[in-house]
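Since the structure comes first, as structure tokens, the remarks are kept for the end.
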Amino acid sequence: MAYRGSVRPYVNFNAKHDAEILHKAMKGIGTDEDAILMLLTARSNDQRQQIKAAYKKAHGKDLVSALKSELGGLFESLIVALMTPSVLYDATLLHNALKGAGTEDEVLIEILASRTGEQIKEITKVYKKEFGGKLEKDICGDTSGHYQKLLVILLQGSREEGVDEEKIEKEAKDLHAAGEGKFGTDEEKFITILGNRSAEHLRKVFAAYKKLSGSDIEDSIKGETTGNLENLLLAVVKCAESIPNFFAERLYKSMRRAGTDDDTLMRIMVSRSEVDMLDIRASFKKLYGQSLYTTIQEDTAGDYQKALLYLCGGND
């Protein structure tokens, strides 16, 4: 597999040397933000963890706390996110989405629909270790109904492997019968099929569905469901079809409106920078006719903008 991240491990990496550059950037009056952002966006997450350890050993204090005391605003939030191990970052996002009054459903939906089974199992483990509670229990305490049921299925991180040719036609018919083909909707059918089958299997089911009903599965979901369940089902469908397209669309929506949704913008740029940012950029250009880089440029400012552009990794 070719590497599809925009941020890759730095070649002549020396954690001790990097820790000193950061120390100098923060010493004395004023902070050299450029030095900080250029260094941290050019290191992999794993390397950033090594820099953190080297800094603590040399200076006896926590690098993230030191950075926080020097930086502010969105730029600070972005740098702190970059310094967080990726599984812990996802676990923390989920924890923040669930704690307090109200639930940030779009965070739950985005993470649980797009992460691999392995990643979800890791996230669940780290969540328990960091926050002392069970992710499933917390999600069940905050959600209800069919939406909750599908979240819990996704949380198992145990999608089937491969394609079961014999099931394709039948499941396309089942989905049609459960939605457009009847008065009222049989949500259970949608949840079971979309929650458990592999992405390649689902793509074949969707193609068969289109042949059968003449419409896309997405249109049927929009016509048959509402609210969080609709959003989650759509996210699962989109991720089965193309994860880069799913994120390109979310990035576009986070910027192209009055006011920028910085939480979403930051979350995606950080969590996909070492996964598939190059593919997301290509999808973005194809879907919207403009580059992600230029869109970020027009929508953000300052050191925060510079750091995001480094994470983007180039203009298409």
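So for each of 298-311, 164-177 I average, over its residues, the number of other beta carbons within 10 Å; can you give me the resulting order with the highest mean first?
So the peptides 298-311, 164-177, ranked by packing, come out 298-311, 164-177.
On C-alpha positions alone, give me the angle between the axis of helix 165-178 and the longest principal axis of the chain, in degrees, nearest 10.
80
Could you please report the charge total around SER271, scoring K, R as +1 and D, E as -1 over all other residues with beta-carbon less than 13 angstrom from its beta-carbon?
Combined, the nearby Lys, Arg, Asp and Glu give -1.
With θ set to phi - 60°, apply the Karplus curve 6.51 cos²θ - 1.76 cosθ + 1.60 along the stretch 238-250 and write out the HN-Hα couplings as whole Hz, x wherever there is a Gly or Pro.
Working through the residues one at a time gives 5, 5, 5, 6, 6, 4, x, 5, 4, 6, 4, 5, 5 Hz.
To the nearest Å, what is the center-to-center distance of the stretch 279-316 and the stretch 206-277, using C-alpha atoms only?
Here the two parts' Cα centres lie 18 Å apart.
Which of the aspartates and glutamates could a cross-linker span from LYS27 if the Cα-Cα distance has to be under 16 Å and same-chain partners fewer than 8 positions apart are dropped?
Qualifying aspartates and glutamates at Cα under 16 Å: ASP18, ASP62, GLU70.
Between (1) 0.97; (2) 1.01; (3) 1.06, which entry matches Rg/Rh (Cα atoms, Kirkwood Rh) as derived from the coordinates of this structure?
Label (2) holds the value from this structure.
Once the Cα atoms of helix 45-59 and of the chain are each reduced to a long axis, what angle between those two axes, in degrees from 0 to 90 to the nearest 10, is obtained?
30
For the stretch 130-194 and the stretch 39-79, what is the centre-to-centre distance using only Cα atoms, to the nearest Å?
Using only Cα atoms to place each centre, the spacing works out to 40 Å.
Taking the chain as a Gaussian network, where each spring joins two C-alpha atoms under 10 Å apart, which residue of ALA248, ALA91, ALA66 fluctuates the most?
ALA66
Roughly what angle does helix 187-196 make with the longest principal axis of the chain, taking Cα atoms, 0 to 90 degrees, to the nearest 10?
In the chain, helix 187-196 runs at an angle near 50 degrees to the longest axis.
Per DSSP helix of 4 or more residues, -39500 (n - 2.57); summed, then divided by the residues of the chain. What does that give at 222 nm, rounded to the nearest 500?
-22000 deg cm²/dmol
Under 25 °C and 0.890 mPa s, how fast does the stretch 90-159 diffuse according to Stokes-Einstein, given a Kirkwood radius computed over C-alpha pairs? Answer in µm²/s, whole number.
Translational D for this selection: 207 µm²/s.
Just give me a number: lysine pairs in the stretch 69-171, eight or more positions apart or cross-chain, with C-alpha atoms less than 13 Å apart.
Within the stretch 69-171, the lysine pair count is 7.
The numbers here are math on the coordinates, done by the rules we state, and not lab data. These numbers were taken from a predicted model, which means no experiment stands behind them. With ideal geometry, Cβ positions are generated from the backbone for all residues, glycine too; neighbour counts draw on all protein chains shown.
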